[in-house]
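The values are calculated or read from the model by the stated rules, or taken from the named source; none is laboratory data. Being a predicted model, the structure only gives us computed values, none of them experimental. Cβ coordinates were reconstructed from backbone atoms using ideal geometry, including for glycine residues, and neighbour counts include every protein chain displayed.
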């Protein structure tokens, strides 16, 4: 069907994925238009987990009734988290593919009408969701790839007003996802998933502007920090241990030769170093 025009549309595709789309559809020298992935009104934040549910409750309470979505990686986590919020008087409901269609439809309708403050959901909650005044999106578990993270955080702030994307992070969650991945059959698909998971881990562990990490992943080469993420707003404290190391070495008795070696010095050529047991013979 060479005369039939094709159009391929996607919200999240890095350069490799775009090339795959062209190849799989058999497109010949197509026009490719890529808009910016930047959502400047979204503040990207990360919170390290230590008492996750308590931290989540405080975070939600700080939102003062604003509309939000909380994503979890499993149905059981969705149910438990929604129940925890409800027990503290917060307007929340669970949403996942295991619920009856009418239950899911009711949750979605209440959320759209602002009769429900928070939806706690798996990735099943997304298609067709276009609620302009979502003020925050929380990932209570780390996603498996940046594409999912970007799509889901992109449901915040569609009215153009300030919004926040909060990622709750525990390195143990990444370790669990990696173990699950390694249990899959080896092959090209596993390699791709590993690459994407590693990129998501790098985003979570970033010590530089998170927006730059996100945009550079999609091939949008930015250089200037955004000033609107947790790293930019509160840069990680850096510690230079060189002076303390030098002081510790200076305080060690009988370590002059060792110190000289570290400093690039040492005994002259042909000269034997002194040894504590050396003496007149």
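Filter region 58-73 for residues that are in a loop (DSSP other than H, G, I, E, B), under 18 Å from residue 107 (Cβ atoms) and within 19 Å of the chain's Cα centre (by Cα) and give the result.
Selection gives 72 alone.
What is the one condition in (1) in contact with a strand residue (DSSP E or B) (Cβ under 8 Å, 6 or more places away or on another chain); (2) surrounded by 16 or more Cβ atoms within 10 Å (Cβ to Cβ) that residue 110 does not satisfy?
(2)
Search region 20-41 for residues that are without any contact (Cβ under 8 Å) to a residue 24 or more places away in the chain and pair each with any residue that is surrounded by fewer than 13 Cβ atoms within 10 Å (Cβ to Cβ) and in a helix (DSSP H, G or I) when their beta-carbon atoms are under 7 Å apart and the residues are at least 6 apart or on different chains.
Between residues of region 20-41 that are without any contact (Cβ under 8 Å) to a residue 24 or more places away in the chain and residues that are surrounded by fewer than 13 Cβ atoms within 10 Å (Cβ to Cβ) and in a helix (DSSP H, G or I), there is no close pair.
Among the candidates 189, 252, 212, which residue alone is surrounded by 11 or more Cβ atoms within 10 Å (Cβ to Cβ) and either at pLDDT 60 or above or closer than 30 Å to residue 47 by Cβ (or both)?
Selected residue: 212, the only one of 189, 252, 212 that is surrounded by 11 or more Cβ atoms within 10 Å (Cβ to Cβ) and either at pLDDT 60 or above or closer than 30 Å to residue 47 by Cβ (or both).
Which condition number does residue 94 fail, the rest of (1) in contact with a helix residue (DSSP H, G or I) (Cβ under 7 Å, 6 or more places away or on another chain); (2) closer than 25 Å to residue 40 by Cβ; (3) buried (at least 22 other Cβ atoms within 10 Å of the Cβ) being met?
Checking residue 94 against (1) in contact with a helix residue (DSSP H, G or I) (Cβ under 7 Å, 6 or more places away or on another chain); (2) closer than 25 Å to residue 40 by Cβ; (3) buried (at least 22 other Cβ atoms within 10 Å of the Cβ), the one that fails is (2).
If we keep just the residues of region 178-219 that are in contact (Cβ under 8 Å) with a residue 60 or more places away in the chain and in a helix (DSSP H, G or I), which is nearest to residue 19 (Cα to Cα)?
217
Please work out if residue 163 is free of Cβ contacts under 8 Å to residues at least 40 places away in the same chain and over 20 Å from residue 53 (Cβ atoms).
It is false that residue 163 is free of Cβ contacts under 8 Å to residues at least 40 places away in the same chain and over 20 Å from residue 53 (Cβ atoms).
Which one of 43, 23, 58 is at pLDDT 95 or above and farther than 17 Å from residue 154 by Cα?
Going through 43, 23, 58 in turn, the sole match is 58.
Of everything in region 28-48, what is assigned to a loop (DSSP other than H, G, I, E, B) and crowded, with 17+ Cβ neighbours inside 10 Å? Give them in sequence order.
Of everything in region 28-48, those that are assigned to a loop (DSSP other than H, G, I, E, B) and crowded, with 17+ Cβ neighbours inside 10 Å turn out to be 37, 39.
Rundown of residues vs (1) modelled with pLDDT of 95 or more; (2) more than 29 Å from residue 199 (Cβ to Cβ); (3) not in a loop (DSSP other than H, G, I, E, B), yes/no style:
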position: 94; (1), (2), (3): yes, yes, yes
position: 103; (1), (2), (3): yes, yes, yes
position: 115; (1), (2), (3): yes, yes, no
position: 126; (1), (2), (3): no, no, no
position: 130; (1), (2), (3): no, no, no
position: 142; (1), (2), (3): yes, no, no
position: 159; (1), (2), (3): yes, yes, no
position: 165; (1), (2), (3): yes, no, yes
